[in-house]
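This report concerns only the one structure given below.
The values are calculated or read from the model by the stated rules, or taken from the named source; none is laboratory data. What you are looking at is a predicted structure, and each value in this text was computed from that prediction instead of being measured. Cβ atoms come from the backbone with ideal geometry, glycine included; neighbour counts cover every protein chain shown. Accessible surface areas use protein heavy atoms only, side chains included; no ligands, DNA or RNA. Shrake-Rupley method; radii C 1.70, N 1.55, O 1.52, S 1.80 Å.
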Amino acid sequence: MLKLGGSGKEIEADESFIGGAARFMHRERKKRMITATGVKDKAAAFGILERGGEVRVFAVPNRRKKALQGHIVNNVQQGSPVYTDALMSYAGLNGMFQHDTVDHAEKYVHGRVHTNGLENFWSLLKRD
């Protein structure tokens, strides 16, 4: 499989949780399926998007550095610009990639640095 990036192509990487929203479930199913609030009963997914190209999605066991960065190293050409959010699991990518982050607590876009393409992909994936 060819690696994404190279030739100035920009890469976005982001993680999300997949699973039904409790507010859309019937009361009995909700009682059976939802055992806690937040992301406990959801599956973690990780995506890599090449702007103007393809998206690759992976099931991951968690959002830790080892789980996420391994997919970036295996799927993105070294030296490519990689944009992520400020999750600490992405720290250390600067050695192999042109890594830049956007802190969603402050803003969602900083020039060309954003993960809006993948955020849009997640929203389409999760639609009913």
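What to note about this one:
- Screening region 1-21 for residues that are without any contact (Cβ under 8 Å) to a residue 40 or more places away in the chain and within 16 Å of the chain's Cα centre (by Cα) and picking the one that is farthest from Thr101 (Cα to Cα) gives Gly19.
- For region 70-111, the tally of residues that are under 14 Å from Arg51 (Cβ atoms) and β-branched (Val, Ile, Thr) stands at 4.
- Considered as a group, the residues in region 108-128 that are in a loop (DSSP other than H, G, I, E, B) and touching a residue at least 24 places away in the same chain (Cβ under 8 Å) include one that is most open to solvent (accessible area, probe 1.4 Å), and that residue is Asp128.
- Going through (1) more than 23 Å from Arg127 (Cβ to Cβ); (2) at pLDDT 95 or above one by one, Leu2 falls short only on (2).
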